[in-house]
1. Which three semi-axes in whole Å describe the equivalent ellipsoid of the range 127-170, each the square root of 5 times a Cα gyration tensor eigenvalue, listed largest first?
2. In terms of the Cα gyration tensor, with a ≥ b ≥ c the square roots of its eigenvalues, is the range 29-106 rounded because a/c is under 1.5, prolate because a/b exceeds b/c, or oblate?
3. Once you order the gyration tensor axes a ≥ b ≥ c over the Cα atoms, which shape class does the range 97-170 get: rounded for a/c under 1.5, otherwise prolate or oblate by comparing a/b with b/c?
4. What value, in deg cm²/dmol to 500, does the helix sum -39500 (n - 2.57) over DSSP H runs of n ≥ 4 give at 222 nm once divided by the residues of the chain?
5. Write down the Kirkwood hydrodynamic radius of the range 33-170, to one decimal in angstroms, obtained as one divided by the mean of 1/r over all alpha carbon pairs.
6. Which entries in Lys72/Lys152; Lys2/Lys72; Lys72/Lys166 show an alpha-carbon gap greater than 30 Å?
7. What's the ranking of 36-42, 6-12 by average number of surrounding C-beta atoms within 10 Å, highest first?
8. Using the alpha-carbon atoms, what tilt in degrees (0 to 90, nearest 10) does helix 140-153 show relative to the longest principal axis of the chain?
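The numbers here are math on the coordinates, done by the rules we state, and not lab data. Keep in mind that this is a model prediction, so the values were computed, not measured. Here the Cβ is made from the backbone with ideal geometry for all residues, glycine too, and neighbour counts use every protein chain on show.
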Amino acid sequence: MKLDDVVEIIDFLQRNSISLWIDGGWGVDALLGVQTRTHGDLDIAVQHRDVPRLRVLLESRGYREVRRSDSKDWNFVLGDDRDHEVDVHSFTFDARGKHVYGTAYSAEALTGTGWIGAREVRCISAEWVARSRIGYELRETDIQDVEALHRKFGVQVPKEHDEWRKRQRS
């Protein structure tokens, strides 16, 4: 997804009172303040109570659910006929701010801010990104993202990333 498409979606959802945080590759680029690579989709985090309205809003723009084997009520992808995809991660916190449903964000995870083009956005925090890039088959982009966040913010690089680098050199 191109920068202009991402900004258009963010603005559209926010104009329609959907609170969101940018996650995934665009979230990393927002934290860094510069686009570092191309992105196939836009990952967003939203409160689960907003999912029905978010679906209606994006469907009005031609988006439909992209069926995947790992889709869940709280994690799904909506795509349009121009190959734009929005990967939605929803969550619910209780009155005390404790995670009770959906993608297991903590309240601290939702404290990042950054820039996509000239647009300031809320995003997943650098610390959360670094801690969450483990527990699955890592890709070169995961390693590069965390290393860039380490250089800019001093976040700790997970030991799994060092192990991945060693395996790649072998």
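1. 17, 11, 9
2. Oblate, because a/c is 1.5 or more while a/b does not exceed b/c.
3. oblate
4. Calculated mean residue ellipticity at 222 nm is -11000 deg cm²/dmol.
5. 16.8 Å
6. The answer is Lys72/Lys152; Lys72/Lys166.
7. 6-12, 36-42
8. 80 degrees
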